[in-house]
Amino acid sequence: MNNNSNPEQPQRASGMGVKLALAGIAGNLALASAITMSLIGGMVLVLVLGLVFITGSENPGAGFAIAVAITLIFNVAAFFISPWLMDLSQKWLYKTRWVSITDIAEQSPETAEVIQRVCADKKLKQPRLGIIDDQNPTAFTYGSLPNSARLVVSQGLFTYLEDEEVAAVYAHELGHIVHWDFAVMTVASTMIQICYLIYIFARRMGRRGSQKVRDAMQTAALVAYIFYIIGSYLLLYLSRTREYFADHFAAETTGNPNALSRALVKIAYGIVEEGSRQEEPSRLLEGTRALGIYDAKAAASTGTAYRIASSPEKIGRVFLWDMFNPWGWWMELNSTHPLTGKRVRALSTYAEQLGLAIEFDIGKVIGEGKTLNKKRLYGSFFFDVFLFSLEFVGLVGGLILGIASGYGQFVLAFPVIGLGLGIIIKAFVMFPNYERARETEVLELMSDPYASPLRGQPAKLTGNLIGRGQAGYKFGSDLKLQDKTGMLYLRYSSRFGPIGNFLFGMKRVQSLIGSTVNTKGWFRRGIAPWMDLIQLETDSGTVVNSYHRFWSFILGGGAIALGLLLALV
């Protein structure tokens, strides 16, 4: 294990089961869930009423009603059957073994005490307890109703975490059970599926009937699809909110929010450490990503910092991006989990309420965040978001111009030209001149609060290739680089496109694993950091070139050429 543990860790609150004010999120989980689900339900109701009044026939929605009924029946059945189906898949995929509370007590006495106390206080049946013999640390809960819940952890949780930290993780998972999280998320997901069914139904109805009905149904299909997209983001928001509330429950239950902060960081460290020993990413972490206490994709920066930092304060610096970079907020919109820095910040607020010292010196990190160059962080953010979506913008803009022109061939030509221009302009921004790439290290790149998924930072790294970058894919072309400060994924792009990527993954990657290499590429930071590879040279002299810019210009130029050809036909 890492030696960064503080020998003078702050003690917990004098009592457990304390009441804490929520930090920066809605103060009532039931209210937050009700509002979110009401918005989703309202969208479904508006769409159904719209379809009924639009079609105006005696039996306007028989097919739609059947589809909705099947969806509801399927989801209700899945709701109650899924725990047993999950049990079978867990047994088959991960060899989950079911254990008793006594078995848990042998590995973590405090955890057993927390489970028994929460079940007694909340009048819950003890969840079925499972352990997966995998050293990647994770924990997750599933089920249909609280009294039929399963709480599963990996053996790695006991390897990398101390007793009180394991107890805090279990308390977090118990929070999901107490709050009925899987039930709420299942119902919300069902309503989102109904929005999609309405979209399909309206789109098909828009192909027949009078012109008035077709126009109205096409409009209804567009609205349904928009509601489906909005509903999907509401569902992700609800998932993130419930993670915050589970963290809050753990802090109240244990009186030890710092233990959960430490646990989150150590879980990230364990994921990075185990990843450095495996040639492929963990199938367990990939398969349970949405369920787990921690998004494994986000582990690299935090785990890397913990792996080599000489003090907790240095670990906190990697949270600057999570808390202050607007791209963090933008990327989090598509995630089921809040960014780690935000969770640690909330837990630090609970520690302050309990009069405890704060770990990772979040106060200092926040202070440093306030001194960041705001113009550099926010000045061009919305323009960068525009550039990030430039292919779509070019496509839509071209379509509008094509329709406005009144010429039939331009309706096809202009969108294709717009797409090509968007690809090329975006490529110039994403892949700047790599001649100014400088020697650096993984941790230094990950600690950059200004990093972006759009504007690539040219960089040179030296390290060892330790495996492939795609879980369970033996012909994956992406690689994992390990230097003395951490691990980073390298994305490869062949000049021959997907076929070339496949052949490279099949014939060459295995021979490269284990080599010491010098690499050059563009570093990017999203939920997970990565580098778009330019060139890789092994210590034996083998050189591998990658062609991300090449394909952007080929695709963009090809689209423009095709568009001009269509315009001239």
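Coordinate-derived values only; no laboratory data. Here the structure is a predicted model, which means the values were calculated and not measured. So basically every Cβ, Gly included, is an ideal-geometry build from the backbone, and we count neighbours across all protein chains shown.
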Cα pair distances exceeding 18 angstrom across segment 119-239, given as percent
65 percent
Expressed as a whole number of Å, what is the distance separating the alpha-carbon centroids of segment 371-405 and segment 338-367?
35 Å
Calculate the tail of P(r) for segment 264-399: the fraction of all Cα-Cα distances greater than 20 Å, expressed in %.
56 percent
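So, counting K/R as plus one and D/E as minus one, what does the shell of residues with Cβ under 13 Å around ARG242 add up to?
Around ARG242, the charge tally is -2.
Between GLN218 and ILE554, what is 0.36 nm times their sequence separation minus the Cα-Cα distance? Round to one decimal in nm. Show your work: numbers first, answer last.
On the way: separation 336, 0.36 × 336 = 120.96 nm, distance 3.54 nm.
Between GLN218 and ILE554, full extension yields 117.4 nm more.
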Take LEU401, project a point 7 Å from its Cα along the Cβ direction, then tell me which residues of segment 421-447 have their backbone nitrogen under 12 Å from it.
421-422
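With 17 Å as the cut-off, how large is the P(r) tail for segment 523-569, expressed as percent of Cα-Cα pairs?
The proportion of pairs with Cα distances above 17 Å equals 60 percent.
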Whole-percent pair-distance distribution, where bins are 5 Å wide, for the alpha carbons of segment 421-544:
2, 11, 21, 24, 20, 14, 6, 1, 0
For segment 87-139, what number results from the quotient of the Cα radius of gyration and 2.2 N^0.38 Å?
1.24
Can you tell me the equivalent ellipsoid semi-axes for segment 340-409? Use √(5λ) from the Cα gyration tensor, largest first, whole Å.
48, 14, 7
Report the local net charge at ARG438: Lys and Arg +1, Asp and Glu -1, summed over other residues whose C-beta lies under 15 Å from its C-beta.
-3
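Mind checking the full-extension length gain between VAL543 and ALA561? Use 0.36 nm per residue of separation minus the Cα-Cα distance, one decimal, nm.
Details: separation 18, 0.36 × 18 = 6.48 nm, distance 3.32 nm.
That works out to 3.2 nm of additional length.
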Just to check, using Stokes-Einstein with a Kirkwood Rh over alpha carbon pairs, what's the diffusion coefficient of segment 248-300 at 20 °C and 1.002 mPa s in µm²/s?
177 µm²/s
Net charge (Lys, Arg +1; Asp, Glu -1) of residues whose beta-carbon lies under 11 Å from that of PRO83, PRO83 excluded, is +1
Å³ per residue enclosed by the Cα convex hull of segment 364-468
160 Å³
All alpha-carbon distances of segment 411-458, grouped into 10 Å bins from 0, give the whole-percent distribution 22, 38, 22, 13, 5
